[in-house]
Amino acid sequence: MTLLAAFEEIIDASGVAPQIEALLPIGVRHRQLRVRTLLAGMMLTQADCRPAHLTRVRGTLTALPAGDQVRLGVTEDWAGGPHLLTCRQTERTFGLVAGALGDDHPGGLPPDRLQRICDALLEASIPAGFKNASRSLAVDWTDLESFSRPPPHGTSDCADPEASWGHRKNNLLRTQDELFYGYYLSAGVMMPEENGPAVPEFARRAAISSCRHDPVRAFAPVLTAMPAHGIPLGDILDDSGYAHRDAGAWATPLRAAGAQLVQDLHPHDRGPKGTHDGAIIANGNLYCPQTPRPLLELGPLARTVTTEQAADHDRKTAELARYKLGRLTADDPGGYHRVACPAAMGKIRCPLRPASMQLDRSRPEILQPPGHPQACCAQQTITVPPDVLAKTAQKHDYPSAAWRRSYARRTGAERGFATAKDPATNDISRGWCRLMGLAPLMLCITTLLIVRNQRILAARNTRQEENQRRAAKGLPPKTRRRRRTTLTALAATAKPP
C-alpha cells in the first residue's frame, strides 16, 4: 500500500472529513480543494520530512501522478481548460477549516470539536490489530514554540495572542529552566502491559494548550473521555510533574475513569505525611505507627546504583510492605474502603494482637507497642475516606521493585517526543510551522503524529519480515545491542591523555 492510500484510508476511517465539510460555509464559487485532500496533503508533506508550510502542502499535491490529481480534485476542468490547485486556494481551505474548528473567543485551550476531530484522526491511525493490544499509556508534555515573536515588555500584542511564556528543561550546564514562547504539547503513547508482549509505541492521544494553562489539567479530560468511545483505560504512567498536582486535577478523575496510576512521587510528597486514625500516611499507603522511620523514608533508586545496592533496596521495600495496613474491601460508591492492622493480617508480630505472637519469628516484631493505642491498633478495621490517599495512591507500593519495573515503561513518552523532534525527520522547533493560533498548530501536530505512527508501523513490519527470513534460515531473531555502561561511568574510568 502506498503512503497516499494509507493516509486516505486513515482519513476515511476517522470520518472527520464529512464532519468538517459540514461546518464550512457554502460560498458563491466552487471550492476546489476539499478537506479530505487537504488532510492527505498535510500528511504526505510531513511524511517527506518537510516543514508544515502550506506552500509545501500545495507542492506535494501538485507533484502527485496525474490520475491522483484528478481523483483528488487537485486538477479540475474549468471553462478555460484544466486548472491546477493554487496556493491561494490551499490557504483558503485551510483557513476555513481552522476557523470552523477554532474557538470564537480563543482562550488557549482546544475547543471540544477540535479535540474530537484530532482524537478521531489519531485513533484511526492505529491498526485494528493493535487497538486492543494494550490499555497502558505513558503521558508527558513538552514545549512547542510559536512562530510568533513574543510581545514587547509590558504589552500583550503579537501575531499569536493565544501563546504564552512557558518553562522547559534544557541540556545546558545550569539548573534553572529555560523560557520559551508558545504552547505545551501533551501526548499519551501506547506502552506494553506489565509482563505483556511488546507493542508499537503509537501516539494515541495528543493535545495542545497555551502555557498560561496547566498542561496536566488540560490533558486529563482528553484521557477520561476515552472510555466513552469504547477505549478502556489501564495503567497511566506519569512522572512527578503529574503526581504533584492536587488530586482533583489528575488522580481522582483518572481513577474514576477506570485508570490505574503508576507514577513517580514528587520529593515533597514522599515519606511520612501525617496520620489517619493513628496509622502513618506515607507514599500512598497507611502503615503501622511503629514502622521504622528509615523504611518510611526510602526513595527511588538512582540510575547509577550497583546490583548489590538495588538488591538491598528491594529487601528494605519488601520489609516495609509487611508494615502496611492491608486493604479488605474495594471502594464503595463514595470512595471509602476498609483496611486492617498488619498484625491482624499475619504480616508482623505485635503484643497488641496476641494471635500474631504465635507466628514464626521470620516476621518483624513490634517490641514497643504504643501505650495508648489509637483506632488502627485498637479496632479490627478502620475506614479510609477517599481524600486521605487520593493524591499519592497508585497501583504498586512506592518505591518497590514492582513499581520500578512497571514505571520503567514511562520512557516511551520521551521516545515519542524524541521522534517528533528528530532533525532527521520532522523537527518541530520554531519555524517548523509558521501558522499562528492553537487550531492550526493542533491540526499540523496531529497529522505529524499520524505520520510518526506510520513510520513506527513500517519499522515494526520490517523487523518482523527480517525475523521471518532469519527463522527460515535457522537463525535466531536479530537483537539490538544496548549500552550496559553509562556514559558517566565511562567518563569516570577514562584515562587522561
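The values are calculated or read from the model by the stated rules, or taken from the named source; none is laboratory data. On a predicted model such as this, the values are computed, not experimentally measured, just so you know. Here Cβ is always computed from backbone atoms with ideal geometry, including for glycine, and neighbour counts include all displayed protein chains. These area figures cover heavy atoms from the full protein model, side chains too; ligands, DNA and RNA do not enter into them. Shrake-Rupley method; radii C 1.70, N 1.55, O 1.52, S 1.80 Å.
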Helix 215-224 sits at what angle to the longest principal axis of the chain, using alpha carbons and giving 0 to 90 degrees rounded to 10? 90 degrees
For residue 319 and residue 458, what does the FRET efficiency come to when R0 = 51 Å and r is the distance between their Cβ atoms, rounded to the nearest 0.05? 0.60
Once neighbouring chains are kept in place and the probe is 1.4 Å, which whole percent of the accessible area of the range 205-259 is contributed by carbon and sulfur? 58 percent
Among rounded, prolate and oblate, which fits the range 304-364 when a ≥ b ≥ c are the square roots of the eigenvalues of its C-alpha gyration tensor, a/c under 1.5 means rounded, and a/b larger than b/c means prolate? oblate
Let's see if you can work this out: charge +1 on each Lys and Arg Cβ, -1 on each Asp and Glu Cβ, no other charges. What is the dipole magnitude of the range 75-174 about its Cα centre, in debye to the nearest 20? 420 debye
When the charge dipole of the chain is computed with +1 on Lys and Arg Cβ and -1 on Asp and Glu Cβ about the Cα centre, the Cα farthest towards its positive end, among 352, 40, 445, belongs to 352
What FRET efficiency do you get for residue 470 and residue 70 if R0 is 51 Å and r is their Cβ-Cβ distance, rounded to the nearest 0.05? 0.70
Taking 0.36 nm per residue of separation and subtracting the Cα-Cα distance, what length does fully extending residue 352 through residue 157 add? 63.3 nm
Distance cut-off 17 Å, percentage of C-alpha pairs in the range 130-179 lying past it: 59 percent
Accessible area of the range 51-173 belonging to carbon and sulfur atoms, whole % at 1.4 Å probe: 54 percent
For residue 359, project a label point 7 Å along Cα to C-beta. Then give me every residue of the range 314-346 with its amide nitrogen under 19 Å of that point. 315-329, 339-346
If one puts a single equal scatterer on every Cα of the range 272-338 and applies the Debye formula without solvent, what log₁₀ I(q)/I(0) results at q = 0.13, 0.19, 0.23 Å⁻¹? -0.46, -0.80, -1.00
Quick calc: nm separation of the 7 Å Cα→Cβ label points for residue 306 and residue 199 -> 3.9 nm
Spatial separation of Cα centroids for the range 200-233 and the range 425-457, in angstrom: 17 Å
Do any trypsin sites (Lys or Arg not before Pro) in the range 163-235 lie in a DSSP loop with no more than 11 other beta carbon atoms within 10 Å, and if so, which? 169, 174
R0 = 56 Å: FRET efficiency of residue 266 with residue 367, Cβ-based, nearest 0.05? 0.95
The chain: angle of helix 112-124 to the longest principal axis, Cα-based, in degrees nearest 10: 90 degrees
When the helices in the chain are scored as -39500 (n - 2.57) per DSSP H run of 4 or longer and the sum is shared across all residues, what 222 nm value do you end up with, to the nearest 500 deg cm²/dmol? -11000 deg cm²/dmol
Under a cut-off of 21 Å between alpha-carbon atoms, report the lysines in cross-link reach of residue 347, not counting same-chain residues fewer than 8 places apart. 316, 324, 395
If you average the C-alpha positions of the range 391-418 and of the range 82-153 separately, how far apart do those two centres end up, in angstrom? 29 Å
Nonlocal amide H pairs with residue 191, under 5 Å, H built at 1.01 Å: 136, 137, 138
Regression test value, accessible area per residue of the chain, probe 1.4 Å, units Å², expected 51 Å²
Rank-order 390-398, 101-109 by packing density, defined as the average count of other C-beta atoms within 10 Å over each peptide's residues, highest first. 390-398, 101-109
Fully extended, how many nm does the chain gain between residue 297 and residue 30 (0.36 nm per residue separation, minus their Cα-Cα distance)? 89.2 nm
Starting with the highest mean, order 284-295, 362-373 by the number of other Cβ atoms within 10 Å, averaged over the residues of each peptide. 284-295, 362-373
Sorted by mean Cβ packing within 10 Å, highest first, what order do the peptides 321-329, 231-239 take? 231-239, 321-329
Using DSSP, restrict attention to beta bridges with both residues in the chain and report what percent are antiparallel, rounded to the nearest 5. 85 percent
Please quote Rg/Rh for the chain to two decimal places, taking the Kirkwood radius as Rh and restricting both calculations to Cα atoms. 1.05
Quote the charge dipole size of the range 87-144 about the Cα centre in Debye, to the nearest 20; the model charges only the Cβ of Lys and Arg (+1) and of Asp and Glu (-1). 280 debye
Given H placed 1.01 Å from N in the peptide plane, which residues other than close sequence neighbours of residue 349 have an amide H under 5 Å from its amide H? 365, 366
When the charge dipole of the chain is computed with +1 at the Cβ of Lys and Arg and -1 at the Cβ of Asp and Glu, the Cα pointing farthest to the positive end, of 471, 83, 49, is that of 471
